[in-house]
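Okay, structure first, notes after.
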Amino acid sequence: MGEDFRQLITRHQLRGIRAGGLVILVTLHIGSALPGLLGGLGEYRYPWIPLAAYGLLTLILGGSVVLGLDGRPWPRGWVPCALAGTFVASVATTSQVPPDHYFVSSFHWSYSLAGWFTVVLLGHRGPLVSGAFLGAHLAVTVALLLTVEVPSRSVGASMALSALSAGCFQMTIAAGAKLLLDSSAAIGQALRAQERVRTRIAVARQIQTDQRRRYAELNATVLPLLTGLASGSLDPEDDEVRHACALEAARLRRLFAESDCTFDPLVHEMRACIDVAERNGTTVQLAVRGDPLELPLPLRRALLDPVIAALAAAGQTARVTVVRGGDQVRVGVVVDALRDRLPEPKANGIRVRTVHAEDRLLVEAACRITARPELSDRPEPPWPPAWPSWSPAGRRSRT
């Protein structure tokens with residue numbers, strides 16, 4: 001996200017810098033270079049050369065306007081070709097300028113104009129790159145001047161002042177453009193930090209909401225049970241009280257498992273409940289069929305609640321099955337107990353089936369999935385879970 005912000009900011013900044021440079025370049029090209037060209041046609045030795053050079057610069061300017069206003073990087077090969085064309089046009093025009101008009105006259109319009117082409121094409125590369133091209137251009141121009149005529153000290157000083165003032169101003173613009181583009185990194189970093197803060201605030205609020213909801217659920221079920229045990233109104237030797245404690249312990253363990261990072265949340269939460277039953281002396285077998293699915297949390301709770309209630313009432317053995325195939329998810333348990341007080345499903349579409357056979361009870365919760373959820377990218381927890389089993393019959397087997 002932060003990188004996208006940086007790219008977007010850089011693109012907008014580059015678009016503004018190029019737009020400003022192109023406005024200056026178009027203004028000078030039409031308002032300064034064209035009058036200088038037309039006014040000096042009689043002074044040039046071969047007037048067609050400056051005219052052809054001006055036409056070439058016009059084509060380069062038009063291409064730069066079309067390619068540069070969207071803020072995207074220049075097409076590959078455009079900058080070298082445009083700079084080469086600018087250099088050739090400037091040198092060709094300079095070769096036709098009278099020696100006493102170098103740098104100081106409007107007849108020598110190509111020198112300053114070539115510098116602004118450099119700013120537009122290389123300004124995003126910084127002052128060093130732009131200065132290298134401007135320095136090479138200045139050196140070639142001075143060489144052309146010296147091959148024709150060596151100016152006097154006063155004229156040379158005037159020429160040097162004019163050339164350096166134009167070049168320094170153009171390099172200053174290039175340096176400012178580079179600094180502005182470099183600021184996009186700091187802006188992107190600030191936006192990333194702001195996004196992280198917002199994410200942390202949203203996560204903290206969600207965690208706080210979940211914690212309040214969980215505490216409300218615990219207050220409704222666990223707190224009365226603990227209060228009764230503490231006050232003595234509930235007898236720990238009573239089978240009903242022990243069953244209620246086992247059920248709430250399984251629900252608490254499932255509640256803790258809901259926040260774990262796991263590849264298969266449904267099976268992971270089911271294993272947490274199985275661990276509670278094994279600690280109570282029940283031997284549990286778990287069978288899993290089908291690919292993992294990331295079901296919504298309310299749906300997982302509704303599927304596991306009836307199974308957890310039956311598992312908490314198990315005596316010596318229990319067999320848990322999780323089957324996922326087609327468009328259905330089924331969670332069932334077979335226990336050696338006769339309990340028929342099971343919680344009602346808390347989600348629409350959950351079907352609970354109970355079957356009594358001799359001394360065993362089958363409880364199955366099933367739901368139909370209209371859209372198959374995507375697999376989670378969370379890693380699968382190790383088997384067995386991290387918590388140990390302390391009960392004598394705490395061995396777990398899988399089939």
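Descriptive notes on the structure:
- Residue in the range 111-119 that is among the β-branched types (Val, Ile, Thr), more than 30 Å from residue 11 (Cβ to Cβ), in the same structural domain as residue 75 (by TED's automatic domain parsing) and modelled with pLDDT of 80 or more present: no
- Candidate set from the range 282-301 (those that are surrounded by fewer than 23 Cβ atoms within 10 Å (Cβ to Cβ), hydrophobic (A, V, I, L, M, F, W, C) and not in a loop (DSSP other than H, G, I, E, B)); member that is nearest to the chain's Cα centre (by Cα): 297
- Picking from residues in the range 149-179 that are among the small types (Gly, Ala, Ser) and surrounded by 20 or more Cβ atoms within 10 Å (Cβ to Cβ), the one that is farthest from residue 135 (Cα to Cα) is 177.
- Pairs where the first residue, in the range 340-359, is part of a strand (DSSP E or B) and the second is modelled with pLDDT under 75, C-beta under 6 Å, 6+ apart: 352/345
- Test: residue 201 is in a helix (DSSP H, G or I), surrounded by 14 or more Cβ atoms within 10 Å (Cβ to Cβ), aliphatic (A, V, I, L, M) and modelled with pLDDT of 80 or more: no
- For the range 256-281, a residue qualifies if it is on the phi < 0 side of the Ramachandran plot and either hydroxyl-bearing (Ser, Thr, Tyr) or surrounded by fewer than 18 Cβ atoms within 10 Å (Cβ to Cβ) (or both), and the qualifying residues are 256, 258, 259, 260, 261, 262, 263.
- Candidates 175, 163 - the one that is touching a Phe, Trp or Tyr at 6+ places or on another chain (Cβ under 6 Å), assigned to a helix (DSSP H, G or I) and in contact (Cβ under 8 Å) with a residue 40 or more places away in the chain: 163
- Given (1) surrounded by 16 or more Cβ atoms within 10 Å (Cβ to Cβ); (2) β-branched (Val, Ile, Thr); (3) over 21 Å from residue 180 (Cβ atoms), index of the condition residue 9 fails: (3)
- Considering each residue of the range 243-251 in turn, at least one proves to be hydrophobic (A, V, I, L, M, F, W, C) and either under 30 Å from residue 95 (Cβ atoms) or free of Cβ contacts under 8 Å to residues at least 24 places away in the same chain (or both).
- Residue within the range 303-311 that is under 40 Å from the mean Cα position of the chain (by Cα) and more than 19 Å from residue 268 (Cβ to Cβ) present: no
- Residue 287 falls short of the stated requirement of being within 29 Å of residue 234 (Cα to Cα) and in contact (Cβ under 8 Å) with a residue 40 or more places away in the chain.
- Any hit, the range 206-218, residues being touching a Phe, Trp or Tyr at 6+ places or on another chain (Cβ under 9 Å), hydrophobic (A, V, I, L, M, F, W, C), in contact (Cβ under 8 Å) with a residue 24 or more places away in the chain and not assigned by TED's automatic domain parsing to the domain that holds residue 253: no
The values are calculated or read from the model by the stated rules, or taken from the named source; none is laboratory data. None of the values given here were measured: they were computed from a predicted structure. Neighbour counts are summed over all protein chains in view; Cβ atoms, including those assigned to glycine, are modelled from backbone coordinates with ideal geometry.
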